[in-house]
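What follows is a single structure, written as structure tokens, with notes after it.
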Amino acid sequence: MELLNQIDWAVIAPIIVIDLILIIVALVDLFRRGETNGPKWIWLLVILLISLLGPVVYFIFGRRQQ
Amino acid sequence: MTLLAVNNLTKYYGKTLAVNNISFEFESGRCVALIGPNGAGKTTTLQMLAGLLKPTEGTIQFQQDNKKDDIRSLIGYLPQFPAFYPWMTGREFLIYSGKLSKIPASEVEKRADKLLERVGISEAKNRRISTYSGGMKQRLGIAQAIIHRPKLLMLDEPVSALDPLGRREVLTLMEELKNDLTILFSTHILSDADEVSDELLLLHQGEIVEAGPMDELRTKYQTTTIELSFENNLEAYVAKLEQLSSVVKTSVDKNIVHVTVDSIEEARQEILTNALEEKWPLTDFSVNRASLEDMFMKAVNG
Amino acid sequence: MEWITLFNKEMLEHWRNFKWIWVPLVLILLAIMDPITTYYLPVILENVGGLPEGAMFEIPELLPVEALMMSLAQLSSLGVLVIVLMSMGTIAGERKSGVAELILVKPIRYLNYITAKWSALLLIVWVSLTLALSTSWYYINLLFGELSFTDLLLTIFFYGLWFSFVITLVIFFSVISRSPGLVAAFTIITTIAMSIITSLFGKHLTWSPSNMSGHIEYAIVSQELTKDLMMTGLITLILIGILIVGAQQIFIRKEQIN
């Protein structure tokens, strides 16, 4: 893959790290929380499968405001 | 000393009249029950007293040492459906409430811990409130309402959402608090009012239909009936009863004679004397006590 | 003392629900996304294919200030959306859930209640924005050429005023409506309406807060603190002040429940 060689990983790495942190924090919150807006397993998929946007959508809409 | 005096309090929601020109007052040290069916205006009245709603008309006067004091510092209030910050622990919420009520920082933690002990949730004090049961939340609610030692504690339907066990716990707690505080609480359950209150305010369709100390109201609404049953010859004795001077009228229902009288004392004397002398075959003799339900029905129906 | 208590509670809440982690990270992503993808666009296009053999896709060299404007453009659209959504429940949610009923019977000043929440949100937004623009600035210097530190500070300061204005709108509408969803909708609609009106009557509304990005760009290009930028900043500050006082006045007059 030429693409992989051409990209400077020092530039891209921070984005990947930020994405990972978002996913981990969202998962920690999901497992600690008693109830979410809608089924938990759907949020699990959203957080894991939708890159970058998934955790953000979970933080904004996933948590029930009591 | 009058703690609270309410004059001509009226509240409209738009065009709907929720509270209609009510006036009442009570002294410190009393436990006052605001009784009425759902929709009678109980919650609206309490919310006006707590300063959450603005009266359309009328005045609310607290006895206060310094007129400049914020009235809210003199009252503790527990709404009907208290909501907390679910992410806080019970202890954190109580300390937060205390700080907002101007308890000195040096004292607030100590007071919170004592209070958590007193309301019986100290073993759960470091758990998040989202894990609390209804009864625990209600007790935390009472704790946050009394942490600043208010002069008046107002509780809106404090037990109606609880299961029998939680209800018993909260009523017992109120019974204890009565000794140190003036309590005004609303309920639609008459037996709860009967159990803890000294004074009643009967609210119906936004109006106070009856008010006064419990004993006075009991006397006032005491039903003047005596019920008698006989082994046999019912009609003969009914005829005899009707001739007694203290008896107003009689009615028979399923072998029980209901005797309406003017004065319980006189009638009891007269009936029992006759019964002894003539050897009536009595199987039952009872004086009917007024229940709060009867009292309420009478007051509402005029 | 009372204000500090209220403020500390907000900070604790924002920490416990991880706002302090995800809001900065999301703004950083938004700020660096476009400059980086633009830089790598030729590489990406080449590899994804679709370009005929030999065809060269010329992408004009991007100036550092243009890259910075890409960051601001993302922050102005998705960034505004994110900060509105993360703050919409701060007062409205408390009134909706009923916990406000417990708090507002305490002898507190309503102004403190409002400004403590407002300040806590502003702190998150300013810290997040500073991190986001600094990261973007770092990448721009790496990929597109030099942009001075002063330019960065100027951008953070004036763009921060625009974000502060948005947060103040959220607070203002929270006092009016009890529904967090409506609060967010009103705020977004207001910012969109402001930018439409500003572009329609551009000549008369040079100092509209919606023009902040444009004035920042011009100031960086001309390398001077322009009068237009300063006036826009001043107008934004005045509007923020009016909205906060207005919110407090409405809050005092309005009944706190029902």
Which trypsin sites (Lys or Arg not before Pro) does the range C:170-258 hold that lie in a coil by DSSP with at most 13 other beta carbons within 10 Å? C:K203, C:K254
Sequence-distant residues sharing a close amide H with B:H204 (under 5 Å, placed H): B:V209
Per-peptide average of other Cβ atoms within 10 Å, ordering B:197-206, B:236-245 highest first: B:197-206, B:236-245
GluC sites (Glu not before Pro) within the range C:84-183: which are DSSP loop residues with at most 10 other Cβ atoms inside 10 Å? C:E146
Per residue of A:50-61, other chain Cβ atoms within 10 Å number on average 4
Using only the alpha carbons of chain B, determine the length spanned along each of the three principal axes and report them from longest to shortest in whole angstroms. 78, 45, 35
A correct Karplus calculation of ³J(HN,Hα) over the range B:116-127, with 6.51 cos²θ - 1.76 cosθ + 1.60, θ = phi - 60°, whole Hz and x for Gly and Pro, returns 4, 4, 5, 7, x, 10, 5, 6, 10, 5, 9, 9
Filtering chain C for DSSP H helices with an axial alpha carbon extent of at least 20 Å and a Kyte-Doolittle mean of at least 0.5 returns C:19-48, C:110-143, C:149-176, C:180-200, C:227-253
Does anything in the range B:170-195 have its amide N under 19 Å from the 7 Å Cα→Cβ label point of B:E25, and if so which residues? B:182-184
Could you give the length gained by full extension between B:S245 and B:D294, i.e. 0.36 nm per residue of separation minus their alpha carbon distance, to one decimal place? 15.0 nm
Stokes-Einstein D in µm²/s, Kirkwood radius over Cα pairs - the range C:2-257 at 10 °C with 1.306 mPa s viscosity: 80 µm²/s
May I ask you to compute the full-extension gain from C:L111 to C:W20, defined as 0.36 nm times their residue separation minus their alpha-carbon distance, rounded to one decimal in nm? 30.3 nm
If one takes the longest principal axis of the Cα atoms in chain B, at what angle in degrees, from 0 to 90 and to the nearest 10, does the Cα axis of helix B:264-278 lie? 40 degrees
Could you list the GluC sites (Glu not before Pro) in the range C:163-258 that lie in coil according to DSSP, counting only those with at most 12 other Cβ atoms within 10 Å of their Cβ? C:E224, C:E255
Compute the helix-to-body angle for B:90-100: its Cα long axis versus the longest principal axis of chain B, expressed 0 to 90° and rounded to tens. 80 degrees
With a point put 7 Å past each Cα toward its Cβ, work out how far B:F81 is from B:K220 in nm, to one decimal. 3.5 nm
Largest first and in whole Å, give the semi-axes of the protein assembly as shown's equivalent ellipsoid, each being the square root of 5 times a Cα gyration tensor eigenvalue. 70, 26, 21
Residues with amide H under 5 Å of B:L244's amide H, sequence separation 5 or more or different chain, H placed in the peptide plane at 1.01 Å from N; which? none
Rounding to the nearest 10 and keeping the result within 0 to 90°, find how far the Cα-based axis of helix B:134-146 lies from the longest principal axis of chain B. 70 degrees
Long-range amide H contacts for B:F26: which residues qualify at under 5 Å (H placed 1.01 Å from N, peptide plane, sequence gap of 5 or more or a different chain)? B:L3, B:L4
Which residues make up the longest stretch of chain C that has no chymotrypsin sites (Phe, Trp or Tyr not before Pro) in a DSSP loop with at most 13 other Cβ atoms within 10 Å? C:58-200
Apply 1/(1 + (r/R0)^6) to the Cβ-Cβ distance of C:F149 and A:L48, taking R0 = 41 Å, and write down the FRET efficiency to the nearest 0.05. 0.55
Assuming 0.36 nm per residue, please report the length gained on full extension of the stretch B:N179 to B:Q269 beyond their Cα-Cα distance. 28.4 nm
Each label point is 7 Å from the Cα along the Cα-to-Cβ direction; what then is the distance between the points at C:V43 and B:H258, in nm? 9.6 nm
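Laboratory data are not the source of any read-out in this text; all were calculated from the coordinates shown. On a predicted model such as this, the values are computed, not experimentally measured, just so you know. All Cβ positions, glycine included, derive from the backbone under ideal geometry; neighbour counts span all protein chains shown.
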